[in-house]
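Let me begin by presenting the structure, written as structure tokens, before commenting on it.
The values are calculated or read from the model by the stated rules, or taken from the named source; none is laboratory data. On a predicted model such as this, the values are computed, not experimentally measured, just so you know. Methodologically, a virtual Cβ is constructed for each residue, glycine included, from the backbone with ideal geometry; neighbour enumeration extends over all protein chains shown. All accessible areas refer to the heavy atoms of the entire protein, side chains included, with ligands and DNA or RNA removed. Shrake-Rupley method; radii C 1.70, N 1.55, O 1.52, S 1.80 Å.
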Amino acid sequence: MSGVTTSAKAPVVEGKVYHLRVGPGDVAPYVLLPGDPDRVPRISKYWDEVREVARHREYVTHTGKYKGAPISATSTGIGCPAAAIAIEELLRVGAHTFIRVGTTGAIQREVKVGDLVISVGAVRLDGTSKQYVMPEYPAVAHFEVVLALIQAAEELGVRYHVGVTATTDSFYTGQGRPGYGGYMLSWMKNIIPDLQAARVLNFEMEAATIFTLANIYGARAGAVCAVLANRVTDEFVVDAGVEDCIRVANEAVKILYEWDKVKEELGKKYLYPALLLRYFMKK
């Protein structure tokens with residue numbers, strides 16, 4: 001809205017954060033982060049309650065409940081700069097747990113098209129996370145989010161892999177694809193075999209920044225991605241595994257919500273297997 005005066009350091013519009021256009025109370029503590037705005041309604045169709053709270057630029061936000069758990073979904077668009085804006089502004093309105101719900105390309109033969117990849121960490125080949133902290137700082141997922149995603153995948157019976165992801169800022173040359181006219185430098189030709197040798201599972205474009213920011217700010221983050229392509233077998237299937245990815249992410253929120261209630265009831269900061277075992281054996 002033209003003519004509105006606010007702070008350039010922390011711009012807001014009528015009490016809403018500038019880019020996402022959400023305010024306190026609009027967003028749940030647990031937020032799913034698809035890249036594609038059209039994936040937000042695909043996520044929220046599984047919820048028991050849902051309302052659209054904002055739609056601005058690439059950012060679409062739905063909030064509701066899933067099996068009793070408060071939940072939101074906010075699209076981030078493509079790439080780390082837009083994802084960083086989403087994390088910054090979601091934290092400002094009360095979110096504390098983030099799960100990227102994305103798509104990805106596998107670079108290991110055994111990771112099939114239609115499978116899911118649950119990331120434990122990300123190689124920081126992006127530029128955005130380097131605007132926050134030195135490149136040696138690790139981009140790691142929170143162990144509770146990783147465990148919740150694994151449990152959800154097991155309970156739903158979907159095929160998944162757990163490992164390290166590479167996050168890039170370029171879909172083409174940064175992931176070893178030729179640029180326009182066949183443009184390719186030597187390091188672009190070597191990036192896939194180098195990462196394969198290091199047992200990296202896949203390429204995607206947001207996880208490293210999401211993980212880095214979550215750790216810096218004391219939040220939790222994880223990522224689950226559907227494999228649309230395999231660079232070894234040269235297969236590509238649009239939308240392969242996306243519905244399974246959505247189902248796993250939703251279920252992981254419910255699991256985290258239940259675990260958080262256990263920790264609160266028992267006065268514990270961290271989850272560990274024996275804690276859950278003792279708790280549920282008493283029930």
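Of all the numbered requirements in (1) in a loop (DSSP other than H, G, I, E, B); (2) open to solvent by 80 Å² or more (accessible area, probe 1.4 Å), W187 misses one, and that requirement is (1).
Taking the conditions (1) within 17 Å of V146 (Cβ to Cβ); (2) open to solvent by 70 Å² or more (accessible area, probe 1.4 Å) in turn, E206 satisfies each one other than (2). Going by the conditions given, is E136 in a helix (DSSP H, G or I), on the phi < 0 side of the Ramachandran plot and either open to solvent by 70 Å² or more (accessible area, probe 1.4 Å) or touching a residue at least 40 places away in the same chain (Cβ under 8 Å) (or both)? No: the conditions fail for E136. Candidates E243, E235: the one that is over 20 Å from the mean Cα position of the chain (by Cα) and acidic (D, E) is E235. Beta carbons closer than 6 Å, at least 6 apart along the sequence or on distinct chains, pair a first residue in the range 85-112 that is touching a residue at least 24 places away in the same chain (Cβ under 8 Å) with a second that is among the polar types (S, T, N, Q) and in a loop (DSSP other than H, G, I, E, B) for A86/T76.
Selection of the range 16-35 for residues being assigned to a strand (DSSP E or B) and under 14 Å from I85 (Cβ atoms) yields K16, V17, V31, L33. Being at pLDDT 95 or above and either among the hydroxyl-bearing types (S, T, Y) or assigned to a loop (DSSP other than H, G, I, E, B) (or both), is that true of even one residue in the range 144-157? Scanning the range 144-157 turns up at least one residue that is at pLDDT 95 or above and either among the hydroxyl-bearing types (S, T, Y) or assigned to a loop (DSSP other than H, G, I, E, B) (or both).
Taken together, the residues in the range 190-223 that are part of a helix (DSSP H, G or I) and of a type in the set (F, W, Y) amount to 2. In the set V262, V224, only one residue is in contact with a Phe, Trp or Tyr (Cβ under 9 Å, 6 or more places away or on another chain), touching a residue at least 12 places away in the same chain (Cβ under 8 Å) and surrounded by fewer than 18 Cβ atoms within 10 Å (Cβ to Cβ); that residue is V262. In summary, E235 fulfils each of the numbered conditions (1) open to solvent by 50 Å² or more (accessible area, probe 1.4 Å); (2) over 22 Å from V164 (Cα atoms) with the single exception of condition (2).
Of all residues in the range 38-56, those that are within 17 Å of V253 (Cα to Cα) and touching a residue at least 24 places away in the same chain (Cβ under 8 Å) have Cβ atoms under 6 Å from Cβ atoms of residues that are among the hydroxyl-bearing types (S, T, Y) and surrounded by 15 or more Cβ atoms within 10 Å (Cβ to Cβ), 6 or more apart or on another chain, in V40/S75; W47/Y66. Scanning the range 239-281 for residues that are of a type outside the set (K, R), assigned to a loop (DSSP other than H, G, I, E, B) and either out of contact with any strand residue (DSSP E or B) (no Cβ under 8 Å at 6 or more places or on another chain) or modelled with pLDDT under 95 (or both) yields a count of 4.
Take V253 and decide whether it is open to solvent by less than 70 Å² (accessible area, probe 1.4 Å) and either of a type outside the set (A, V, I, L, M) or out of contact with any Asp or Glu (no Cβ under 8 Å at 6 or more places or on another chain) (or both). Talk me through it step by step, then tell me what you get.
On the way: open to solvent by less than 70 Å² (accessible area, probe 1.4 Å): yes; either of a type outside the set (A, V, I, L, M) or out of contact with any Asp or Glu (no Cβ under 8 Å at 6 or more places or on another chain) (or both): yes.
Answer is yes for this residue.
Quick check: anything in the range 36-51 assigned to a strand (DSSP E or B) and open to solvent by less than 40 Å² (accessible area, probe 1.4 Å)? No: zero hits.
Of the strands (runs of 3 or more DSSP E) entirely within the range 68-127, those holding at least 3 residues that are farther than 16 Å from P34 by Cβ and open to solvent by 10 Å² or more (accessible area, probe 1.4 Å) occupy 116-125.
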